[in-house]
Structure formats: C-alpha cells, structure tokens
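What follows is a short report on a single structure.
Quick note: the coordinates plus some simple rules give every number you see, no bench work behind them. Since the structure is predicted, the reported quantities are computational estimates derived from the model, not experimental observations. Counting neighbours? That spans all protein chains shown, and the Cβs are built from the backbone with ideal geometry, glycine included.
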Protein chains: 2
Amino acid sequence: MNSYPTRWTKQMKVVLDIVYDGKSPITADQVYGLARKQMPRISLGTVYRNLNRLVVSGLISESKVGTVQCFYPHPYSNTHLECRVCGRLYSVPFDLSLHQVAKETGLTLDGYELRLKGVCKECASRCI
Amino acid sequence: MNSYPTRWTKQMKVVLDIVYDGKSPITADQVYGLARKQMPRISLGTVYRNLNRLVVSGLISESKVGTVQCFYPHPYSNTHLECRVCGRLYSVPFDLSLHQVAKETGLTLDGYELRLKGVCKECASRCI
DNA sequence: CATAAAGTAGTAATGATTACTATTATGAAT
DNA sequence: ATTCATAATAGTAATCATTACTACTTTATG
C-alpha cells in the first residue's frame, strides 16, 4: 500500500520539517500551503506521497479527525466523543495505558485513537 | 448536522429492516442494493438520509471501517490494529469496559471504536 | 560519465458522501 | 374525508480529500 522511502529528496525534507515544526496537528493541504512558500512548484501529490512515506518509516504519525488525515511529529494518542445526534467531535480527558494494551495483545504499538460513541451533554439536555 | 426523523416513511422502514436483518456490518451502498430489490426507484440519497436519521435516533449504530461508514443494528464496539507499514486493518481481541469509561468520564455511551496504531506482526518480521 | 530506478509536477480520475430542485407523500387541522 | 403546509423523495450534480497516471527530472551508484 504505502511505499518505503529509499531516496532522501529536498521535497521530503521540506515536508518533514513542516510537520516537525508544527505545534498542532496539520493536514496534507496545510503542509502543501506551507511547502509552497519554500518550494513554489511542489505538487500536492508529492506532499501526500512524502507524508505517507514518513508515516510508514515511523518518523511522523497520522490520525483521522473527522474525514481528513492529520499529521503529527510524534506518536499520538487521543480520545474523542462522537455525538450521534449533532455529529460533533469532542476531546475527552481519558487515557488508556498503551503499555498495558501492548502487553495484553502482544502488539508493538505507537499510539491509539479511541472514539467513544454516544450523546453529548448539550444534546442529552435537549432531551432529543 | 443530522436531522431527526419526523415522518415514518416506507423508505425509512425498508432501510431499517435491511439493517436489522443483516448479520454483519453493512455499507450504505449495500443497503441501497438490497433496498432496490423491494423498491426499485429508491435513491441512494434517500438511503443515506434515512441511515443517518436512524443513527441520530439511536435505532441503529454506525462506525467507520477504513474510509467507508458501516451500519449495525445494535450498539457496537471494536478494536482494530492499523499497521502503519502495510496500511492493513486487523481485528484485535481486546475489550474495553465501556461501563468503566462511562463512569470515569461521566458520559452516556453506546459503544466505542479503538484504533491501535503500530506495526503488524508480518511487517515487523520483515524487519522493515 | 552513464544508466537504471526512484521521485516529481501537473493533471485527471476516484469514490463515498452531500447538496440541490422539482415533485410527491405525510399527518394534523379543518 | 379533504385540505394544506411541510417534510421527504428521486434523480442528478457537486464536493472534496485522496490516489492514479504520465512524461519528465533527479538521484545514487558502478
């Protein structure tokens, strides 16, 4: 599916630096916008290709927020509540012990995404 | 975002029955295919609209598998491993106590999706 | 330097989902 | 039962993130 990087190109370095410099999750399109400032002719396909290669190699991490992929400089875990009524996504302060899960399952893990499905407090209070 | 059903239509009943009768998760497109056998002129948009309304009302559940939405007759929880190298999705026999999570967070929950991020055994053994 | 393979730019295609619009069906009030 | 406002539908077009394709360029290596 994803290919492993074999050559270290200028475009790959630009993409990597942008993800590393970012303080918050960034989308492929945002990386594209920033990359074009340094390298105006870089193409969106190249940005996607390099982001995916960097994920494969473990240099950056990725997770889906809503419908779009977001990229992070480091392994990343999060918990969200997805309200089935309003469809909104809420960040939830809940932590899973990745170490414990890795132990129980015998898997090598970098991070997790926990999507809780239910009804948010606002929608619940409206008695819908 | 999603609208709440106010009228009980034939199309809604057809969609609901198909999801209820299914033994396994079903996509909107599959529901559309089955619905057309009973109601040849039903439109895909109507299938989507009714599926979403049924989710909002809590009569059925939904979760994303890869890039597509899947629908289930009952609240549904699952754990998957997403391999960052090959991109494949593996079902993992790990259960989270939803009751415990609900207690800790104070939320009303129907189910969860836990996406573990790491490297699958096959890719790990290839030493990539 | 030569050369094969990997990467890139630019553009077109994909595919699930949503939006739009004219028409039809529904349910509450008369 | 008939009327009537409005919710829902069919059919089609549009979105939009992501991937695929192709001719050209760059890279690593003998």
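Could you work out, residue by residue across B:57-68, how many beta carbons of other chains sit within 10 Å of that residue's beta carbon, and then give the average as an integer? Intermediate results must be reported in sequence, preceding the final value.
Numbers: counts 3, 5, 0, 1, 2, 3, 3, 4, 0, 0, 2, 0.
For this peptide, the per-residue mean of nearby foreign Cβ atoms is 2.
Please give every one of the lysines within straight-line cross-link reach of residue B:117, meaning a C-alpha to C-alpha distance under 26 Å, and leave out same-chain neighbours fewer than 8 residues apart.
Cα-Cα hits under 26 Å: A:13, A:23, A:64, A:103, A:117, B:64, B:103.
Mind pulling the per residue volume of the convex hull built on the Cα atoms of chain B? Å³ is fine. Write down the numbers at each step before the final one.
Details: hull volume 18.5 nm³, N = 128.
In chain B, the Cα hull volume divided by residue count equals 144 Å³.
With contacts defined as alpha carbon pairs under 8 Å and 6 or more residues apart, what's the relative contact order of the range A:10-72 in percent? Don't jump to the answer; show the numbers that get you there.
Working: 69 pairs, mean separation 25.6, N = 63.
Taking the mean separation of contacting Cα pairs over the length of the range A:10-72, I get 41 percent.
Treating the angle as unsigned and between 0 and 90°, give the value, to the nearest 10°, between the Cα long axis of helix B:44-57 and the longest Cα principal axis of chain B.
Approximately 70 degrees, to the nearest 10.
For the protein assembly as shown, what is Rg from Cα atoms divided by 2.2 N^0.38 Å, rounded to two decimals? Please list the in-between numbers first.
Working: Rg = 20.5 Å, N = 256, 2.2 N^0.38 = 18.1 Å.
Output field value: 1.13.
Considering every residue in B:115-124, what mean count of other chain Cβ atoms within 10 Å of its Cβ is obtained? Walk me through the intermediate numbers first.
Working: counts 7, 14, 13, 12, 6, 2, 3, 0, 2, 2.
Average neighbour count from other chains, rounded to a whole number: 6.
Mind ranking B:115-122, B:103-110 by how tightly packed they are, going by the mean number of other C-beta atoms within 10 angstrom, highest first? All intermediate terms of the calculation are to be shown ahead of the outcome.
On the way: B:115-122: 19.8, B:103-110: 14.9.
Ranked from most to least packed, the peptides come out as B:115-122, B:103-110.
Taking the mean number of other Cβ atoms within 10 Å as a proxy for protection, how do you rank B:22-30, B:92-100 from highest to lowest? Could you put the intermediate results ahead of the total?
On the way: B:22-30: 14.6, B:92-100: 12.4.
Highest to lowest by the protection proxy: B:22-30, B:92-100.
Please turn the phi angles of the range A:33-41 into ³J(HN,Hα) values with the Karplus equation 6.51 cos²θ - 1.76 cosθ + 1.60 (θ = phi - 60°), one per residue in order, whole Hz, x for glycine and proline.
x, 6, 4, 5, 5, 8, 8, x, 9
According to a simple spin-label model (label point 7 Å from Cα along Cα-to-Cβ), what is the distance in nm between residue A:122 and residue B:94?
Going from the residue B:94 label point to the residue A:122 one covers 3.2 nm.
Shortest first, in nm, what separates the label point of residue B:67 from those of the same position in the other copies (7 Å along Cα→Cβ)?
In nanometres, ordered from closest: 1.2.
Closest approach to the A-B rotation axis by any Cβ of A: residue and distance in angstrom?
Residue nearest the A-to-B axis, with distance in whole Å: A:114, 3.
Taking beta carbons within 10 Å but only from partner chains, what does the mean come to for residues A:33-46? Walk me through the intermediate numbers first.
Numbers: counts 0, 0, 0, 0, 0, 0, 0, 0, 0, 0, 0, 0, 0, 0.
That average works out to 0.
With 13 Å as the cut-off, how large is the P(r) tail for the range B:78-125, expressed as percent of Cα-Cα pairs?
Values: 665 of 1128 pairs.
It works out to 59 percent of all Cα pairs.
Name the long-range amide H neighbours of residue B:79: under 5 Å, sequence gap of 5 or more, or other chain; modelled H, no Pro or chain starts.
Residues meeting the amide H criterion: B:92, B:94, B:114.
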